[in-house]
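> A single structure is presented below for examination.
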Number of protein chains: 2
Amino acid sequence: MSDNDKALPPTAKSLKKSYCNDALPPIEEHTRQYETVRNAHETELIEDYVELIGDLISHRGEARAADIASRMGVSQATVSKMIRRLNELGLVTSKPYRSLFLTAEGQKMAETSRARHDIVLHFLRALGVNDHTARIDAEGMEHHVSNETLAIMQRFIDEQTKR
Amino acid sequence: MSDNDKALPPTAKSLKKSYCNDALPPIEEHTRQYETVRNAHETELIEDYVELIGDLISHRGEARAADIASRMGVSQATVSKMIRRLNELGLVTSKPYRSLFLTAEGQKMAETSRARHDIVLHFLRALGVNDHTARIDAEGMEHHVSNETLAIMQRFIDEQTKR
DNA sequence: CAAATAGTTTAGCCTTGGCTAACAATCATT
DNA sequence: AATGATTGTTAGCCAAGGCTAAACTATTTG
């Protein structure tokens, strides 16, 4: 959620009655919802790093730990540790004290993440969300949007921009 | 992301060229984006528990740890530990071996979360997303949608349902 | 080319949110 | 009222993702 968010928060009262009468979902479906979110959490940081590394390489020619740290808003030590993890996962290759490269798999992940991110961002803008807010929301939402929803968002963008 | 998600993942190629030429955002804005997501992560589990507790109370009359555990798909020990945290945060009151109550603050959080959740869910359905997928996506997205975007989603729902 | 500066890594700490296993309390049934 | 089943708690483990401080490497510059 945006912290410089002047709009009022929603209240239960601001919702139409009919919205609130949904029964609880059956247990196992409910469980799966939460599990899906937990799983997304495990991968999303990884994806964010890989996506950022890909962006740095394509916009700057290389990805240095210091740049990653300052963009992520995190200490260099944290980045260094994370790079080791990405290495173990086969997503990047790195030699000590040198800049990073994405493996083929890492590149694929970066592209997919970037594409997803862009769809969500452009969708929010097409919906009428202010650019700054859209960027923040997209960063958080991208890992929780199914392919089905992405496809619908893409269609929405196409329709908006056609005119 | 839904795991039973048959649609193809997006590829960089499936995006219009113009989507991909965005430059990197200026560093401090970029940093703030990631910070916002990290902050959301700290609160979202808390909010999920509180929201679920509120739902259990209103649909079942009470919230028992065993129900929370089975709905969350998590062990009872994990729930017990979490309840201690919620207690420390002043969101619930509990006596050992008895069921839970939300404090005034907890109730406020539950209502806000529920309202946000409902807006996102109904928005996705209004967009044309299948109910099952919408539920899963909403669960993940709700904590990352700014009030500005929520307001726009609400407007979208109103327009769709008016006709 | 030596020294200062910048960048990277390592060590060791902390918190969160999972888990299992063992124990404690409550409840339901006879 | 006793007991077995259910429910709740505690202890102790683990991995992830932050941090700081210190050590090490690379680069720039006087």
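> Largest first and to the nearest Å, give the Cα extent of region A:96-152 along each principal axis.
On the principal axes, region A:96-152 reaches 45, 25, 15 Å in Cα extent.
> Let me ask something additional. Between the label point of B:A126 and that of the same position in each other copy, find the distances and list them shortest first in nm, with every label point placed 7 Å from Cα along the Cα-to-C-beta direction.
1.7
> While we're on this one: Considering only protein heavy atoms and a 1.4 Å probe, what is the carbon-and-sulfur percentage of the accessible area of the protein assembly as shown? The partial results should precede the final answer.
On the way: 8690 of 16510 Å².
For the protein assembly as shown, the apolar C and S fraction of the accessible surface comes to 53 percent.
> A further question on this structure: What does the helix-only formula give at 222 nm for chain A: each DSSP H stretch with n ≥ 4 adding -39500 (n - 2.57), the total divided by the residues, and the result rounded to the nearest 500 deg cm²/dmol? List each step's numbers first, then the result.
Numbers: 6 runs with 106 residues, N = 163.
That comes out to -22000 deg cm²/dmol.
> Another question, if that's okay. Given a 1.4 angstrom probe, what's the average accessible area per residue across the protein assembly as shown, in square angstrom? Walk me through the intermediate numbers first.
Numbers: 16510 Å² over 326 residues.
Value for the protein assembly as shown: 51 Å² per residue.
> Further question on the same structure: From the label point of A:L24, set 7 Å from Cα along Cα→Cβ, how far away are the matching label points in the other copies, in nm, ordered shortest to longest?
4.8
> Nearest 20 debye, what's the magnitude of the dipole of region B:27-162 about its Cα centre given +1 on Lys and Arg Cβ and -1 on Asp and Glu Cβ? Intermediate values should be presented prior to the final figure.
Values: 17 positive and 22 negative charges, 130 e Å.
Result for region B:27-162 is approximately 620 debye, rounded to the nearest 20.
> What does the charge dipole of the protein assembly as shown about its Cα centre add up to, to the nearest 20 debye, if the Cβ of each Lys and Arg holds +1 and the Cβ of each Asp and Glu holds -1? Provide the component values of the computation, followed by the final result.
Numbers: 44 positive and 50 negative charges, 13 e Å.
I would put it at about 60 debye.
> Select from chain B the helices, each a whole stretch of DSSP H, whose alpha-carbon atoms run 20 Å or more along the helix axis and whose Kyte-Doolittle mean is at least -1.0; answer none if there are none. Provide the component values of the computation, followed by the final result.
Numbers: long enough: B:27-60 (49 Å, -0.82); B:104-127 (34 Å, -0.32); B:147-162 (22 Å, -0.72).
Helices passing the filter in chain B: B:27-60, B:104-127, B:147-162.
> For label points placed 7 Å from Cα toward Cβ, what is the shortest-first list of nm distances from B:R85 to its copies?
1.7
> Can I ask one more? In A, who owns the beta-carbon nearest the axis carrying A over to B, and how many Å from it?
Chain A residue with minimal Cβ-axis distance: A:M141, 3.
The values are calculated or read from the model by the stated rules, or taken from the named source; none is laboratory data. Remember, predicted model here, so these are calculated numbers, not experimental data. Ideal geometry is used to build each Cβ from the backbone, glycine not excepted, and the neighbour counts take in all protein chains shown. Please note that ligands, DNA and RNA were not included when accessible areas were found on the heavy atoms of the full protein model with its side chains. Shrake-Rupley method; radii C 1.70, N 1.55, O 1.52, S 1.80 Å.
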